[in-house]
Amino acid sequence: MRIKKTEIITLRVTPHTKEAIREKAKAADLTITDYLCYSGLGKEIVRVEGLEQMLSELKVQGRNLNQLTTLANMGRLTVLNGDTLVESYGKIYEQLRELLKTVNGAPQKR
C-alpha cells in the first residue's frame, strides 16, 4: 500500500543549486521530490544501469520456461536437459536477488 503524501516542504535555493539538484535527480532516474527525500533521509541512491532490461528479460525467460513446462507436462513436448535449463534460470535469479540485496534500501524506480 502506498502512503499518500500530504505534507509540503518549501525551500529557497539559487538557480544554480536548483539546476544541480534537477540534474542529479535526472541522473538517478528519480523525481526531484524522491531525490530530495532519499538524500535528506540519508539513503544511498544506487543506479544500476540495465537492471530494468535485465528484469524484463528474466520475466520473458520465466514465461518461456513456464510454457515449456506446461507443454512437457501435457506430453506435447519432450524437454532434453530440462534440469540444466531450470538450474541456469535459478542461477540468474539468485544473482539478481544478491544484487538487489546489495542495494537494499536504495530507491528503486517504480
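The values are calculated or read from the model by the stated rules, or taken from the named source; none is laboratory data. What you see is a predicted model, and the numbers here were worked out from it, not measured in a lab. Cβ coordinates were reconstructed from backbone atoms using ideal geometry, including for glycine residues, and neighbour counts include every protein chain displayed.
Numbers at a glance
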{"read-out": "Arg2 vs. criteria out of contact with any strand residue (DSSP E or B) (no Cβ under 9 Å at 6 or more places or on another chain) and more than 24 Å from Leu100 (Cβ to Cβ)", "value": "no"}
{"read-out": "Scope region 24-50; condition within 18 Å of Arg12 (Cβ to Cβ), exposed (fewer than 15 other Cβ atoms within 10 Å of the Cβ) and small (Gly, Ala, Ser); matching residues", "value": "Gly40"}
{"read-out": "Where a residue in region 60-73 is assigned by TED's automatic domain parsing to the domain that holds Ile92 and its partner, wherever it lies, is modelled with pLDDT under 85 and assigned to a helix (DSSP H, G or I), with Cβ under 6 Å and at least six apart", "value": "Leu65/Tyr89"}
{"read-out": "All positions within region 65-79 that are outside any loop (DSSP other than H, G, I, E, B) and either under 17 Å from the mean Cα position of the chain (by Cα) or more than 14 Å from Tyr93 (Cβ to Cβ) (or both)", "value": "Gln67, Leu68, Thr69, Thr70, Leu71, Ala72, Asn73"}
{"read-out": "Number of positions in region 17-29 that are under 20 Å from the mean Cα position of the chain (by Cα) and not in a loop (DSSP other than H, G, I, E, B)", "value": "4"}
{"read-out": "Selection count where residues are in contact (Cβ under 8 Å) with a residue 60 or more places away in the chain and under 12 Å from the mean Cα position of the chain (by Cα), scope region 30-59", "value": "1"}
{"read-out": "Residue in region 20-41 that is of a type in the set (S, T, N, Q) and in contact with a helix residue (DSSP H, G or I) (Cβ under 7 Å, 6 or more places away or on another chain) present", "value": "yes"}
